[in-house]
Structures are given as structure tokens and as C-alpha cells.
Amino acid sequence: MACIVVVGGDGFCGWPTSLHLAAKGHDVVILDNLSRREIDRELGTESLTPIASMNDRLSAWAESGGRPITFEQVDVARDPEALADALARYRPETVIHFAEQRAAPYSMRSVKHKRYTVDNNVSGTHNLLSAVVELGLDPHIVHLGTMGVYGYDSSGLTIPEGYLDILVPGEHNVVHKRQILYPTNPGSVYHMTKSMDQLLFQFYARNDRVRVTDLHQGIVWGTQTEETRRDERLINRFDYDGDYGTVLNRFLMQAAVGHPLTVHGTGGQTRAFIHLQDTVGCIALAVENPPERNGRVMIRNQMTETHRIRDLAELVSGLTGVEVAMVDNPRNEAAENGLEVSNKSFLDLGLNPTTLENGLMDETVEIAQRFAHRSRTDAVPAMVTWTRDRNPGVLPAD
Ligand code: NAD
Ligand code: USQ
């Protein structure tokens, strides 16, 4: 089978994806600078689950009978030569790009963190695109983007898969049909970098005919996949801290230690979600279905359900008995919003979603309760505020 380079393959989504693709028979090469582990040290936090070193992960995978995975420590943003050198040696058929600073609160910490997020994410993406063109390679690039580029609009329209059909008035009363990228409306510096990535992809697809799939992914929940369960040393990371912990995994951990569920504001924010097992499944489907070399980026919405945050809190509270706390919202976001999203593209390819209803209890017992003793309650509060006066004045709904 073909070689797949997974950039950012040590992370929460990248590690289980690498295992899944290796299990499907691909030759997988991980490039990662291990910056996520370094950021844990900077913040004084740690994954709730005890994650093994990259060497131990790879040995455990091979010992479990998995097709061996290769790893090289490469910083794709700061070391474009090392990235190009690796691409020239492996000549991958597919490159999957996870290697970005992905936490919205971390990206809003300080000017240093804003700069780091922009430099890291935009340079990494551009280095990858320019390297494949320079080397004359033709890999299909699969990028993990975010639902957050669309913004959160309560007007009742269904968010399409990346593009908007518009009618433009022209000369002699002729109306022209055009398709444009859905206007971006990012809510953090991190989400803004994903909006910038979209333009880089659009340019290289049109100018150099690079084949790109951009997956606009919702909030991922869950921890383990079929492959990470094979050996204790393959366990995936589980972030619960105020910067990197995403909302549902945070609620599950909070419930496990009896911490009141930290609902921001009224909890009226509606967001898109996907279980990690479906993330790896969708990425495999995207790899198997590359776009034509036609100058157009293929955009797929990678999400399965939408939920309002206060409803999620009530669900977790109902399952576990823990109380719900409404805390001041540190972010600058609409207090209430609706969200309708089309995910037809993956359903058509055969995605069979894991629903919250089916997966929630497993996750609570298998991970949150089992590793609750490793948690630190001082890491739970979300401390980063979105505006300098520390009084964001939450936006009204659109
Ligand atoms: P993560 O932080 O756990 O993993 C990212 C990995 O990339 C880490 O291993 C990190 O060390 C590596 N990395 C970062 N910068 C790098 C660089 N310059 N060079 C080499 N390696 C680098 O994040 P994740 O949750 O696995 O997310 C992966 C991707 O999916 C991100 O691009 C993120 O924006 C996107 N995404 C994540 C979620 C989610 O809920 N976790 C939802 C939607 C989209
Ligand atoms: N929230 C709470 N309580 C908490 C944590 C969060 O109410 O304890 C609220 C937030 O205010 C926000 C919503 O929950 O309204 C989602 O927050 P989140 O931290 O779970 O997700 P977000 O910051 O949007 O980022 C995460 C990933 C990011 C990915 C994004 C997908 O970290 O990499 O791009 O989800 S999406 O949200 O669809 O843009």
C-alpha cells in the first residue's frame, strides 16, 4: 500500500489516525516536533491518561502486531528544509496535516501566544504546500480544519460544505452564478489561522493543481479507538485543562471528580461534535476519496451531531449526579446561537456515526473515572480571557 505521511501524528487526533491507517495496511510515517508535550510542561498540565513516549508507543504498536510506523522529529513550521527532505525521501501518496497549535484559549493567552499560533500554523501549512510544489510531488493533502471558520450563526441557515452559491449582477442585467468560499467568521486567533489556511489551499489548488481536502471538523470527544485499546502503552491523550480540554471531555472529567460542570455563561452556545472513532474513520474515507486535480479544494464537514452546551451539561449531570455551575464566560462569543450543518458528504461515503447516547457512558467509566486519581483540580478553571480589559462583554447572538 501507499506511503502516508502524518504531520502532527503524536497528537490527540493524529496518533489514533496513524494507528488506524497502519492497521489498514498503509506505510505510515509520522513527522512531529512533540510541541504538544512541551506545551503541557509550559502550562504545568498533563493528559489525564498516562501517554507513553513516542518510542514506547511505536514499540508497543509493532509488538501488538501492527504494521510498523516510522517517526521523525521535524518542526514543519520552523524547519522547512527538514520537512522537504523528509517528503523527498518518502514521496508520500497522501499527507495528513494535523500539525497546528489547536487550542483557542492558548492562542488568546498573550501576544507571545498569539504570535506563536499564527507563525506555527500558517507557516507550517505554507511550508508543506510550497515544498510539494517545489519537489514536483503530487500527494493528496488532507488537512484538519475546523467548523469554527464558519462562525456561529443563529439565522437558521444550514452551513454548507465550504462553499456558498451566490448570484452576482453583471452588465446588461445579466446575473452570473458564482461559488465562493463560505465567508469566514473566526472566534479566536487559533480559528483565524484556520481561515488563513483556507486561502493558502485555495491558491495552491488553483495555481499548482495541488489536490487538497480540507476537513472542517467539529469538537472531538472520546479518547480511545479500536487500535489504541490494543495495548496500555498505546493509550491516547485526554486533555481536561482550561486551555486544551474541550468541553465534553472536560465535563466528563469534572463529573468523575465531583467538580461542578463549568458551563460558560448561559450555556446557550450550540456547537458541532464528533466522536474520535468517527474522526479516524472519516479521515480514512477522505484518504480513499481524493478530489480531482481540478483546481478546487474539496471541503467536507466532519461532524455528526450538534448540541447546546447547557444540554450537554444536563445530560452529564443526569448520568452522574454532579451539579452544573454557570460560570462567567471568559470568551467573546455569542451567548446563544443555533447551528444547522450539512455533513452529507461523509454520510454519502458511508459514515455511520457514533452517537453521544451510545458512547457517553463507556467514556465516563473507561477513561474519566478510571484515571480521575491523576487529575489536578487547579488545572480545571479556564483562566484565559479574550479581551485585554478582562471584561469581554459577551456578544449578542448574530
Ligand atoms: P494536538 O495538539 O493534540 O496535536 C497536534 C500535533 O501536532 C501535536 O502532536 C504537536 O506536537 C504537533 N505539532 C504542532 N505544531 C507542529 C509543528 N510546527 N511541527 C510538527 N509538529 C507540530 O491537536 P489535535 O486535537 O490532535 O488536533 C489535530 C488537528 O485537528 C489540529 O489542526 C486541530 O486544529 C484540528 N481539530 C481538532 C479538534 C479537536 O477537538 N481536538 C477539532 C477540530 C479540528
Ligand atoms: N465551554 C464551556 N465550558 C467549558 C469549556 C468550554 O461552556 O468548560 C464552551 C465554550 O465557551 C465554547 C464551547 O464550549 O462555547 C466549545 O469550547 P471548546 O473548548 O470545547 O471548543 P473550541 O474552543 O471551539 O475548540 C475545539 C478544539 C479546536 C477545534 C474546535 C472545533 O480545541 O481545535 O477547532 O473545537 S469547533 O468548535 O467546531 O470550531
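The values are calculated or read from the model by the stated rules, or taken from the named source; none is laboratory data. Just so it is clear, the structure is predicted and the values come from calculations on it, not from any experiment. A quick note on method: Cβ atoms are made from the backbone with ideal geometry, for glycine too, and the neighbour counts reach across all protein chains shown.
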- Message: If I filter segment 108-157 down to residues being of a type in the set (Val, Ile, Thr) and in a strand (DSSP E or B), which single residue comes out as farthest from ligand 1 (Cβ to nearest atom)?
- Response: Ile141
- For Gln302, indicate whether it is more than 13 Å from ligand 1 (Cβ to nearest atom) and buried (at least 18 other Cβ atoms within 10 Å of the Cβ). no
- Single residue of Pro160, Pro169 found to be over 25 Å from Ala77 (Cβ atoms), away from ligand 1 (no atom under 15 Å from the Cβ) and at pLDDT below 95: Pro169
- With the first residue restricted to segment 64-77 and required to be among the charged types (D, E, K, R), and the second required to be more than 16 Å from ligand 2 (Cβ to nearest atom) and in a loop (DSSP other than H, G, I, E, B), Cβ contacts under 7 Å at 6 or more apart or on different chains are Arg67/Gly25; Asp75/Asn33
- Task: Go through the residues of segment 332-344 one by one and say whether even a single one is more than 22 Å from the chain's Cα centre (by Cα) and crowded, with 16+ Cβ neighbours inside 10 Å.
- Result: yes
- Going through segment 206-261 in order, the residues found to be closer than 27 Å to Ser342 by Cβ and acidic (Asp, Glu) are Asp214
- Task: Return the residue satisfying two criteria in turn: it lies in segment 190-207 and is aromatic (Phe, Trp, Tyr) and buried (at least 17 other Cβ atoms within 10 Å of the Cβ), and of such residues it is nearest to Arg293 (Cα to Cα).
- Result: Tyr204
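So that you can scan it fast, the table gives a plain yes or no per residue for (1) modelled with pLDDT under 95; (2) outside any strand (DSSP E or B); (3) within 19 Å of the chain's Cα centre (by Cα); (4) within 20 Å of Asp239 (Cα to Cα):
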| site | (1), (2), (3), (4) |
| --- | --- |
| Gly295 | no, yes, no, no |
| Asp311 | no, yes, no, no |
| Glu314 | no, yes, no, no |
| Gly318 | yes, yes, no, no |
| Met383 | yes, yes, no, yes |
| Asp389 | yes, yes, no, no |
- Message: Go through (1) modelled with pLDDT of 95 or more; (2) over 30 Å from Leu21 (Cα atoms) for Glu93 and report which single condition fails.
- Response: (2)
- Message: Looking at segment 65-84 only, could you name the residues that are surrounded by 15 or more Cβ atoms within 10 Å (Cβ to Cβ) and over 18 Å from Gly8 (Cβ atoms)?
- Response: Gly66, Arg67
- Query: Which pairs have Cβ atoms under 9 Å, sit 6 or more apart or on different chains, and link a residue in segment 32-55 that is closer than 14 Å to Glu232 by Cα and among the β-branched types (Val, Ile, Thr) to one that is assigned to a helix (DSSP H, G or I) and within 12 Å of ligand 1 (Cβ to nearest atom)?
  - Reply: Ile51/Trp15; Ile51/Arg37; Ile51/Arg57
- Message: Yes or no: segment 213-222 includes at least one residue that is part of a loop (DSSP other than H, G, I, E, B) and surrounded by 23 or more Cβ atoms within 10 Å (Cβ to Cβ).
- Response: yes
- Those residues of segment 1-56 that are away from ligand 1 (no atom under 12 Å from the Cβ), assigned to a loop (DSSP other than H, G, I, E, B) and either crowded, with 24+ Cβ neighbours inside 10 Å or at pLDDT 95 or above (or both) come to a total of 11
- Would you pick out the residues in segment 10-48 that are in contact with a strand residue (DSSP E or B) (Cβ under 8 Å, 6 or more places away or on another chain) and among the hydroxyl-bearing types (Ser, Thr, Tyr)? Thr17, Ser18
- Query: Does segment 173-212 hold any residues that are assigned to a loop (DSSP other than H, G, I, E, B), in contact with a strand residue (DSSP E or B) (Cβ under 9 Å, 6 or more places away or on another chain) and either without any contact (Cβ under 8 Å) to a residue 12 or more places away in the chain or away from ligand 2 (no atom under 16 Å from the Cβ) (or both), and which are they?
  - Reply: Val210
- Matching residues in segment 1-39 - criterion: being hydroxyl-bearing (Ser, Thr, Tyr) and within 16 Å of ligand 2 (Cβ to nearest atom): Thr17, Ser35
- Name the one entry in Gly187, Gly170, Gly156 that is at positive phi, of a type in the set (Gly, Ala, Ser) and surrounded by fewer than 22 Cβ atoms within 10 Å (Cβ to Cβ). Gly156
